[in-house]
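Following: one structure in structure tokens, then a few remarks.
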Amino acid sequence: MIIDIDRLPEEGLCLARDFEFLSLDLVEENAVFLEPAHAEVTVRLVGEEIIVRGEITARLSFVCSRCLTPFEFPVASRFDLVYLPEELDGFSDELSDDKMDQMFYSGRQLDLRAVVLEQLNLTFPAKPLCAPECEGICAVCGEVVRESKCSCLVKESNTVWNKLKIPMRDKG
Ligand SMILES: [Zn+2]
Ligand SMILES: [Zn+2]
């Protein structure tokens, strides 16, 4: 969805719409959309700067990086962005530190779909977890510990690991 900067109304353009993205657009390779991403955005031109403010909501399914179980990952993210015209990109050396990751637009246009996708990707954790305390998969039986399919870990894992480790240490 391309926004023509020169056609923006002075008070800004308010949009509310759903964006369909493919899973392969996402930085998280195992993510699947449970419903389309919804964005409510205001786009304003102030001088030569484009101010983009809004909120994204989405529901995705992630795969836990510890126990490999799919889980629901809700997104509700606010953003407040400033885009400068591309012509200023060459002056980036002169920009202060807090503008190091300054964003730019070109050709008097802003691709709102790309903006929403970038913001969505920024909400994703580096290592998705179904729960912060997820104990993952039992090293003994291979079952997911959280679902209590495994009864051996709590009782036996320490013993098993100790048995493996102690002889190694003795040799050293
Ligand atoms: Zn997990
Ligand atoms: Zn087990």
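The values are calculated or read from the model by the stated rules, or taken from the named source; none is laboratory data. All figures in this text were calculated on a predicted structure; none of them were measured in a lab. Neighbour counts are summed over all protein chains in view; Cβ atoms, including those assigned to glycine, are modelled from backbone coordinates with ideal geometry.
Any residue at all in region 109-118 that's over 23 Å from Gly54 (Cα atoms), of a type outside the set (A, V, I, L, M, F, W, C) and either at pLDDT below 90 or not in a helix (DSSP H, G or I) (or both)? For region 109-118, residues over 23 Å from Gly54 (Cα atoms), of a type outside the set (A, V, I, L, M, F, W, C) and either at pLDDT below 90 or not in a helix (DSSP H, G or I) (or both): absent. Entry remark, region 107-151: residues being under 15 Å from Val63 (Cα atoms) and surrounded by 13 or more Cβ atoms within 10 Å (Cβ to Cβ) number 10 in total. Filtering region 53-73 to residues that are surrounded by fewer than 17 Cβ atoms within 10 Å (Cβ to Cβ) and under 30 Å from Gln102 (Cβ atoms) leaves Arg53, Glu55, Thr57.
Quick grid of which residues meet (1) modelled with pLDDT of 70 or more; (2) within 16 Å of ligand 2 (Cβ to nearest atom); (3) aliphatic (A, V, I, L, M):
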| residue | (1), (2), (3) |
| --- | --- |
| Asp97 | no, no, no |
| Ser106 | yes, no, no |
| Asn121 | yes, no, no |
| Ser148 | no, yes, no |
| Val160 | no, yes, yes |
| Leu164 | no, yes, yes |
| Arg169 | no, no, no |
